Amino acid sequence: MSNYNKDIDDTATLIASQGDTWKAINPEFAARMKAQNRFRTGLDIARYTAKIMRADMERYDSDPSQYTQSLGCWHGFIGQQKMISIKKHFNSTDRRYLYLSGWMVAALRSEFGPLPDQSMHEKTSVSSLIGELYTFLRQADARELGELFRSLDAARDAGDKATEEKVQAEVDNYQTHIVPIIADIDAGFGNEEATYLLAKQMIEAGACCIQIENQVSDEKQCGHQDGKVTVPHEDFLAKIRAVRYAFLELGVEDGVIVARTDSLGAGLTKQIAVTAKEGDLGDQYNSFLDVEEVDASNMKNGDVLLNQKGKLVRPKRLPSNLFQFKKGSGEDRVVLDCITSLQNGADLLWIETEKPHVQQIAGMVNRIREVVPNAKLVYNNSPSFNWTLNFRQQTFDAWSEAGKDLSAYDRANLMSVEYDSSDLAAEADERIRTFQADAAKEAGIFHHLITLPTYHTAALSTDNLAKEYFGEQGMLGYVKGVQRQEIRQGIACVKHQAMAGSNMGDDHKEYFSGDAALKASGKDNTMNQF
């Protein structure tokens, strides 16, 4: 017996046990509603998706070509459409996730209006967005299953047994749109207790994976901007432990923690680490400070002095009351950050870099893997990088090293449109195309994401529509550029009423009211034109 038929029979038995009081309840309708709501709570989702992510991590360890990907989301509809598109084009959601970007939450979801990525937005908006994303994904399941149930009814009415069995098999083997979300908790929005409380909300909303960074919470900056300030390792490890405790408390025992280091581009610290003995973690953190040796007789008012290997030194303190690290110490600090994070409960790493360069990333990962052999990364394929310029310059440098004639190219001006059809541009584009696969194989990158893709696609598509619609094209600007493309490409949203749930509402009205139901999908519904 199929799962669907078993649910019908089980529901029929339950209804019969209630005597005549439930006689108007149709067991098949109830079974359909149950199938359309497989995930009852966010914790159901977190436990389900954590298992997916752990299996994917294990598969990657065996075969680095099996890396995973995601695109950033700032609204439930955006996440829903991504997964609907993935299922439509690839017939599977395998190894494809969603990413929740703190940057986009700040820029697009705050009640204060657009904000920079500095943890100034309402922290509860993060967990609210996770819940919203999964609400839309569950609705995608319900809508698609509803279409299958209509096909099932039509096959029965036509006496088409073969189609009925085929559709029923699709129902029984239905693949959900629910996938893991990697959720950005910034620097924890406060101390370790604040981090724990927010992590709990995020997990309860459905997050199986939380990404946390080693910046100072109240000094937090976007990873691709200047002025980043890191915390001593013990402070960061306390927040990693707080997230793990939240997972364990809520029964998501295989929840995933991504430890992000911003040390490559962060030259400042707010605190001098506590150290008990030479060589401990605090002493290693302090060893990167930019210091000058001083004589006790040469101290200034308010000086902070350290004993480093028997020498009295003065860390350089800025007017902002921050201390600066030695120039060129970024990579060494990244390696230490990553090793200590993995040794203290983190599962994956995130190294924020200033450019997408496989060899640079691999150089750091290889050092980390000398200590933690299975170290894996989540990597930000960021729109903050000028990908075209970076890869044209990388290609230029590779060609130069190989002794190729570069007289036709100006390295400083490679972004120019005049190079778009050149051989160098073609090779650079091929390097961009294979970047994710190359970095997965050579640099230990398990998961590739783009943080802000739909921020940019929304702006670009809106610009194109506004230019056409408010210009000479008028309504043709919309019809030709949007609606006709939706029809030609089979975009489900062309039937926007159905996407918003009108058909599901009709189904429920029929379940609840029978022939008396006032349904929206009659002959006068203009969606029938599609």
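Note that region 16-133 carries a Kirkwood radius of 17.5 Å, evaluated over its alpha carbons pair by pair. In a simple Cβ point-charge model (Lys, Arg +1; Asp, Glu -1; nothing else charged), the chain has a dipole of about 280 debye relative to its Cα centre. Placing dummy labels 7 Å off each Cα toward the beta-carbon, the span from Leu389 to Lys441 is 3.0 nm.
Projecting the Cα atoms of Met499, Gln489, Gly474 onto the charge dipole of region 471-516, computed from C-beta unit charges around the Cα centre, puts Gly474 farthest toward the positive end. When every Cα-Cα distance of region 271-310 is counted in 10 angstrom steps from zero, the calculated P(r) takes the values 25, 53, 21, 0 percent.
log10 I(q)/I(0), Debye, Cα-only region 1-52, no solvent, q = 0.21, 0.31 Å⁻¹? Here log10 of I(q) over I(0) equals -0.78, -1.07.
The alpha carbons of the chain give a radius of gyration and a Dmax of 27.7, 100 Å, in that order.
Could you compute the FRET efficiency for Glu58 and Val294, with r as their C-beta to C-beta distance and R0 at 60 Å, rounded to 0.05? Given R0 = 60 Å and the Cβ-Cβ separation, E is 0.70.
Cα-based values for region 334-450, radius of gyration first and Dmax second, are 16.3, 52 Å. Once C-alpha pairs closer than 8 Å and six or more residues apart are averaged by separation and normalised to the residue number of the chain, the relative contact order reads 14 percent. Excluding residues on the same chain fewer than 8 positions from Lys404, give the lysines whose Cα lies under 29 Å from its Cα. Qualifying lysines at Cα under 29 Å: Lys355, Lys441. Each Lys or Arg adds one and each Asp or Glu takes one away; over the other residues whose Cβ falls under 10 Å from the Cβ of Thr41, this sums to 0.
Estimated purely from DSSP H runs of n ≥ 4, each contributing -39500 (n - 2.57), the mean residue ellipticity at 222 nm for the chain is -15000 deg cm²/dmol once divided by its residues.
The alpha-carbon of Lys519 sits under 13 angstrom from the alpha-carbons of these aspartates and glutamates, leaving out residues fewer than 8 places away in its chain: Asp506, Asp507, Glu510.
Using 18 Å as the Cα-Cα cut-off, could you pick out the over-long pairs in Lys51/Lys88; Lys277/Lys309; Lys123/Lys200? Going by Cα-Cα distance, Lys51/Lys88 fall outside the 18 Å limit. From Cα pairs below 8 angstrom and at least 6 apart in sequence, can you work out the relative contact order of region 343-410, rounded to a whole percent? Relative contact order for region 343-410 comes out at 35 percent.
Rule-based calculations on the coordinates, nothing more; no lab input. Since the model is a prediction, treat every value here as computed from it, not as a measurement. Methodologically, a virtual Cβ is constructed for each residue, glycine included, from the backbone with ideal geometry; neighbour enumeration extends over all protein chains shown.
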